[in-house]
Amino acid sequence: MGTIVPLQITVNGQPQEVPVEPRQLLVHYLRDTLGLTGSHVGCDTSNCGACTCLVDGESVKSCTVLAVQCEGAQVTTIEGMTGADGELHPLQQGFWDEHGLQCGYCTPGMIMAAADLIERHGPGPISEEDVRAGIEGNLCRCTGYHNIVKAIQAAAEKMSGVPA
């Protein structure tokens, strides 16, 4: 075992103070140390986006970020999107309602990238072109993206309260 360093990080609203090796990737910290397995390891090269989570509100591919780089940060994973009462986030509900998933492997990363996209876009309807551009770093090998785009658009509309 190598050098261990302290790490103070907030994950899904819960403060964490679990020491890490300086070389540990955020995705492995989330999965192996904290047991949050919703962030998937798909490629380990930042190509697929299955490991996408939010760090201080910005989507990042957690296979490219060291856990120690997140010192003091607020990290949100797919597990943190569900409400305290178990209610699905509008993006999760949108994927369910619009059949935006098949095997589900890319879904957590897609939802996290979409959350950042919607936050940056602001309230109101979002175009298909903007959605496709916003998720271009997340790959899906099953769906062809059509229902994923519909799911994100439906969630954006629901979250804004502004009809399309």
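In the neighborhood of ALA154, defined by Cβ-to-Cβ distances under 11 Å, what is the net charge if each Lys or Arg adds +1 and each Asp or Glu adds -1?
-1
Show me, for the stretch 131-145, the HN-Hα J-couplings you get by feeding each phi into the Karplus relation (A = 6.51, B = -1.76, C = 1.60, θ = phi - 60°), rounded to Hz, glycine and proline as x.
Those phi angles translate into 5, 4, 5, x, 10, 4, x, 10, 9, 10, 9, 10, 8, x, 6 Hz.
Tell me the label-point distance for the pair GLU71, GLN8, using the 7 Å Cα-to-Cβ offset, in nm and rounded to one decimal.
1.1 nm
Report the net charge of residues surrounding ILE126, where surrounding means a beta-carbon distance below 13 angstrom and charges are Lys +1, Arg +1, Asp -1, Glu -1.
Working: positive: ARG120, ARG132, LYS150, LYS158; negative: ASP116, GLU119, GLU128, GLU129, ASP130, GLU157.
Local net charge: -2.
Could you give me the percent of Cα pairs per 10 Å distance bin for the chain, shortest bin first, beginning at zero and ending with the bin that holds the maximum distance?
The calculated distribution, bin by bin, is 11, 40, 33, 13, 2, 0.
To the nearest 20 Debye, how big is the dipole of the chain about its Cα centre, given +1 on the beta carbon of each Lys and Arg and -1 on that of each Asp and Glu? Don't skip to the answer; put the middle values down first.
Details: 8 positive and 19 negative charges, 67 e Å.
It comes to approximately 320 debye.
Determine the dipole magnitude for the stretch 9-80: charges of +1 sit on the beta-carbon of Lys and Arg, -1 on that of Asp and Glu, nothing else is charged, the reference point is the Cα centre, and the result goes in debye to the nearest 20. Write out the running numbers ahead of the final one.
On the way: 3 positive and 8 negative charges, 33 e Å.
Its charge dipole is roughly 160 debye.
Can you check what the net charge comes to around MET112, using other residues whose Cβ is under 15 Å from the Cβ of MET112 (Lys, Arg +1; Asp, Glu -1)?
-3
Which Cα, out of GLY57, GLY72, CYS140, lies furthest along the positive dipole direction of the chain (beta carbon charges, K/R +1, D/E -1)?
CYS140
Each value in this text was obtained by applying a stated rule to the coordinates, not by laboratory testing. Note that this is a predicted model, so its numbers are computed, not measured. Backbone-built Cβ (ideal geometry, glycine too); neighbour counts: all protein chains shown.
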